[in-house]
Amino acid sequence: MTQSAGVVRARTVLVIEDDAQIRRAVKTALADSAERIVEAANGREGLGLAASWRPDLVVLDLGLPDMPGIEVCREIRSWSKMPVVVLTARHSEDEKVALLDAGADDYVTKPFSTKELAARVRAQLRRALASSLSAEAVVTADELRIDLPARRVTRAGEDVHLTPIEFDILRAIASQAGRTLTHQQIFDAVWGNAVGNAQQYLRVHITNLRRKIERDPAKPRLVVTEPGVGYRFELPR
Amino acid sequence: MILGIRSFTSWLIWLAVLIVLTIVMHGVRQDIEEAHVVIPYLLVVLGGSATGGRALGFTLAGLSFLLIDYYFQVPFDTLSVGKPLDWVVLLAFLATAAVATQLLARAQDEAREAQRRTREVEELSRLAEHAEALREANRLKDMLLASVSHDLRTPLTTIKALAQEVAASGDGRARIIEEQADRLSRMVADLLDLSRIKAGALPLHAEINTSDDLVGAVAAPFASVPRERLKTILHLDQPALVGRFDFVQSLRILGNLVENALRFAPDDSPVEIEATRDGAMLVFTVRDRGPGVPEGERERIFEPFYRPDGSPPDAGRAGLGLAIARNLAELQGGTLTYASLAGGGSAFTLRLPAADLEPPPASL
């Protein structure tokens, strides 16, 4: 991956998609984001190319002829952290949750806008680059500053008082900014294996958290809801 | 009744057999040994209890006992017994007959019980098969809808992608192709959803959610709409309003209402979303200052394929939005209603079940 003048560019992006027309459209859309684009028309070929090219990012279609795309995703995830952006024709939220739980980083639903796809891919490249540099101890977004080790949050220099659970939720999503975490992933990060009904209040905690850290809690910009799927911490650009 | 007739017949038959046997053996009683008399009687008792049950068996045993004693034991034709050994024979007969009757009857009871159970099990398995078939039919319906949706979307994806490519090279007509592809894909989605709802194949996830979260998510896709045009009213000075509803489907209902409001109301008039609580329900209201809905059409707007009179045939969507929205509200135990606003405009009200948290999460 390279970065110049704030623009992240991948060395290699792998596109796994059986429809030649869509593959071409994806290639065109990503021309500015990658030096080289490698193509595969089925899952087996895709896995082979992923292993040999070690791409910076994979665009993966779910409806492949030889194996379920979600299996391809799991297999890649078993040995690599390379970002996987999934193309899916299914619009059901359960499907999206299954994808993220299988290790996908983001998804775009068909029919998609090529601009949207390019933006998602760039965001994942930026995120991958940032996390490869260092695991950040301090996250800043707008006027919000989150000191993870010190468990301290300030907004425009003023202390923000969060409950322990609110802080744990914020830490879980902010330390993976730009990535949608499923409700389950947040549960696991905050409550671990605890049993009880505390988890069902996740959405209430998120609401209270927003009221403390968002400039306009009615139009949240930092903690973004991905309906039916989970939440994402956005770093404003 | 059939059983009554059957047992009555076997009583008649076996009593007749007993009489015939006695008459026959009476004729030759000088030539047969007393112990040999007992065996045929025992057979009659067994036969009787096998076909007529316990009561017939015991009756035959008792009668046989008396008949043997009277006709076949010396002294003949009296009830007195000559030798002590004869007592042994008689009592042995009675005991054998009684035990055999009892055993046979019990075996029959058990057989009947086993049969009844078998029938029950068969009945249950028929029911289970039926339920399985229903589940299978549902699954197929689901799969069919999913595959139709997939098959319709794939060509649309290609059309849209190619149109975007052509549009990038400056051909304005490509933009129209893309818009129409989007429209078609929305209609496909609406039609599929309505059929899913009608087929009962739409999964709902009723969970604890807040009105803040829902209203925020409703406003999110309209980020490009100016703040004065789309107003969200949350009462942030009070604790968050909590309900138990399906977030995605409720979002869809409100998103549809806001979209309609923005489309039909004048560009410079505000559209408001407000969340409040009324007793056991959360109330979400979408208000606009548009033309409103004429008196006679206020319920018709919730019917599928409704289109306002005089609207061009290709205006907007297939007219399914409000029908889907009302169905989705009712599936969650809520309602969706329309009221006109004084001074012009519309208010659509979505009511969803509220929830009270125990203990309040603030204390966790």
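Put simply, the amide H of A:Arg179, placed in the peptide plane, has neighbours under 5 Å in A:Phe233, leaving out anything fewer than 5 places away on its chain. Chain B and chain A together bury an accessible surface of about 3400 square angstrom, both sides counted, with a 1.4 Å probe and no ligands or nucleic acids included. Taking a Cβ cut-off of under 12 Å around B:Thr337, the surrounding Lys, Arg, Asp and Glu residues balance to a net charge of +1, with basic ones at +1 and acidic ones at -1. When the square roots of the Cα gyration tensor eigenvalues are ordered a ≥ b ≥ c, the ratio a/c for segment A:2-133 is under 1.5, which makes its shape rounded.
Taking θ as phi - 60° and the Karplus parameters 6.51, -1.76 and 1.60, the scalar couplings of segment B:230-241 work out to 10, 9, 10, 10, 10, 8, 6, 6, 10, x, 4, 7 Hz in sequence order, x denoting glycine and proline.
With all protein chains kept in place, the per residue accessible area of the protein assembly as shown amounts to 50 square angstrom at a probe of 1.4 angstrom. As a length-normalised measure over Cα pairs under 8 Å and 6 or more apart, the relative contact order of chain A settles at 14 percent. Within 10 Å of the Cβ of each residue in B:242-255, the mean number of Cβ atoms contributed by other protein chains is 2. Only protein atoms count toward the accessible area here, which uses a 1.4 Å probe; on the protein assembly as shown, the carbon and sulfur part of that area reaches 58 percent. A simple spin-label model places the labels of B:Val17 and A:Arg151 9.1 nm from each other, with each point 7 Å out along Cα-to-Cβ.
Within the set A:Lys27/A:Lys96; A:Lys110/B:Lys231; A:Lys27/A:Lys115; A:Lys115/B:Lys160; A:Lys27/A:Lys110; A:Lys115/B:Lys231, which residue pairs have Cα atoms separated by over 19 Å? Checking Cα-Cα distances, A:Lys27/A:Lys96; A:Lys110/B:Lys231; A:Lys115/B:Lys231 exceed 19 Å.
Using the beta-carbon distance between A:Thr2 and A:Leu235 and R0 = 22 Å, what value does 1/(1 + (r/R0)^6) give for FRET efficiency, to the nearest 0.05?
On the way: r = 20 Å, r/R0 = 0.93.
Approximately 0.60, to the nearest 0.05.
Entry note, chain A: the mean residue ellipticity at 222 nm calculated from DSSP H runs of n ≥ 4, each adding -39500 (n - 2.57), is -12000 deg cm²/dmol after division by the residues and rounding to the nearest 500. The mean sequence distance of close C-alpha pairs (under 8 Å, at least 6 residues apart), as a share of the length of chain B, puts its relative contact order at 11 percent.
Ellipsoid semi-axes for chain B, based on the Cα gyration tensor and the rule √(5λ), read 92, 25, 18 Å when sorted largest first. Per-residue ellipticity at 222 nm computed for chain B from its helices equals -20500 deg cm²/dmol, with DSSP H segments shorter than 4 residues left out and the rest contributing -39,500 (n - 2.57).
Overall form of segment B:34-187: prolate. Here a/c, set by the Cα gyration tensor axes a ≥ b ≥ c, is 1.5 or more, and a/b is the larger of a/b and b/c. Net charge of the neighbourhood of A:Val190, taken over other residues with C-beta under 9 Å away and scored Lys/Arg +1, Asp/Glu -1, is -1. Kirkwood radius, the protein assembly as shown, all distinct C-alpha pairs, inverse of mean reciprocal distance: 30.6 Å.
Give me the net charge for the shell around A:Ala10: Cβ to Cβ below 15 angstrom, other residues only, Lys and Arg +1, Asp and Glu -1. Around A:Ala10, the surrounding residues sum to +4. Among B:Gly47, B:Gly27, B:Gly343, the largest mean-square fluctuation in a Gaussian network model of chain B (Cα springs under 10 Å) belongs to B:Gly27. Estimated at the nearest 10 Å², the accessible area of A:Ser52 is 80 Å² with a 1.4 Å probe.
The values are calculated or read from the model by the stated rules, or taken from the named source; none is laboratory data. Fair warning: this is a prediction, and the values are worked out from it, not measured in the lab. All Cβ positions, even for glycine, are placed from backbone atoms using ideal geometry, and neighbour counts span all protein chains on display. For the accessible areas, the whole protein counts, side chains as well, though only heavy atoms, and no ligand, DNA or RNA atoms are used. Shrake-Rupley method; radii C 1.70, N 1.55, O 1.52, S 1.80 Å.
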